[in-house]
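Working notes, structure below.
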Amino acid sequence: MAKKRKIKDSFWFKVNHLFKPQASNRYRSKLLHPQSLLVVSMVLLAFFSLFNALRFFPSLADKVLGFSSNITADGLLVGTNEERQKLNLEKLVLNDELSQAALAKAQDMFNDQYWAHVAPDGKQAWDFIKEAKYVYKYAGENLARDFNNNDEVVEAWMASPSHRENIVNGDFTQMGLAVVNGNLKGFNTTLVVQIFAVPSSVTMKGNDGGEFHLPKAAEPTFEVNDSVAGAETINRDLVFSPLNLTRAFFLLVVLLIVLTLLYDSLIASSRKYERLVGQNFAHVALFVTVAFLLVLFKGGAVLP
């Protein structure tokens, strides 16, 4: 009796009980029982809630997760110009004054805790451009936030009509970029500010009087860093973000359940277990779909 109890308490017995269909789990992997799946769901919910709660403790979040992105001014410049080249448009040149204006706008959003083209005090993109001593005829602004790399930012801008309009505007000749990391309304994030302009010395095609016009823009959000300006590249190794870490954890759980379903089906089929329930293929298809959606899901936001 004692020996039998010792076997049941052993590590490998518990592993078999959890994953392998047998008499102890009524010939269905314990992990696949409704009670076990409920526990897994509660763990996932708790994990998600934990990382969501870290937004209220920025210093703790930095210690636990760290924060960084692979977005760079150089990378965004290359990506933007690649989109223009597809339409046989001239490449944009990075301008120091416009980059200073973009940096000032990003820092202002972090300082005053807002996410918009117009600041709470009414300050707009052209105010930052004028403060940078840049004399323009025509300008535009794109914003973005919460992205992890250059490609995601450019893809999001190109998918938005108003942001795309700025990128493929043939009149624009110069651009400023700022990539800034900081905390916005409790979230550690990266803000990207992209400013387009035509210098006052340039004669614009179709311009009827040199009037300044600011088209709708797109906004990304990133963390404050005073060194981001001009063509300077900020290339940090990506640490962890709540989004990526949560997605990785969810994928790991989904993969575990899918493998358990497949193993359960293999054992049940080879040993010809007769069960009242056993739609494993349907469950596998469901969880694979969930995993596929998790992989495809991308964070980030742009402002119209």
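Against the condition within 22 Å of the chain's Cα centre (by Cα) and not hydroxyl-bearing (S, T, Y), how does N81 come out, does it pass? Considered against the rule, which asks whether it is within 22 Å of the chain's Cα centre (by Cα) and not hydroxyl-bearing (S, T, Y), N81 comes out as no.
Residue check: S162 meets all listed conditions (1) within 30 Å of L50 (Cβ to Cβ); (2) open to solvent by 10 Å² or more (accessible area, probe 1.4 Å); (3) modelled with pLDDT of 50 or more but one, namely (1).
Considering only residues that are closer than 18 Å to L255 by Cα and among the aliphatic types (A, V, I, L, M), which ones fall in segment 17-52? Matches in segment 17-52: L18, L31, L32, L37, L38, V39, V40, M42, V43, L44, L45. Per the listing V118, V153, the residue uniquely of a type in the set (V, I, T), in a helix (DSSP H, G or I) and either free of Cβ contacts under 8 Å to residues at least 60 places away in the same chain or touching a Pro at 6+ places or on another chain (Cβ under 7 Å) (or both) is V153. For segment 13-39, the tally of residues that are of a type in the set (F, W, Y) and either on the phi > 0 side of the Ramachandran plot or surrounded by 17 or more Cβ atoms within 10 Å (Cβ to Cβ) (or both) stands at 2. Of K137, K130, all but one fail to be part of a strand (DSSP E or B), surrounded by fewer than 21 Cβ atoms within 10 Å (Cβ to Cβ) and modelled with pLDDT under 95; the exception is K137. Within segment 235-271, can you find the residues that are open to solvent by 90 Å² or more (accessible area, probe 1.4 Å), modelled with pLDDT under 75 and either in contact with a Ser or Thr (Cβ under 8 Å, 6 or more places away or on another chain) or part of a helix (DSSP H, G or I) (or both)? Hits for segment 235-271 are N235, D237. Considered as a group, the residues in segment 185-197 that are more than 29 Å from R84 (Cβ to Cβ) and within 15 Å of the chain's Cα centre (by Cα) include one that is surrounded by the fewest Cβ atoms within 10 Å (Cβ to Cβ), and that residue is F187.
The values are calculated or read from the model by the stated rules, or taken from the named source; none is laboratory data. Nothing here was measured: the structure is a model prediction, and the numbers come from that model. In this analysis, Cβ positions are derived from the backbone assuming ideal geometry, glycine residues included, and neighbour counts consider all displayed protein chains. Areas reflect the complete protein model, heavy atoms only, side chains present, ligands, DNA and RNA absent. Shrake-Rupley method; radii C 1.70, N 1.55, O 1.52, S 1.80 Å.
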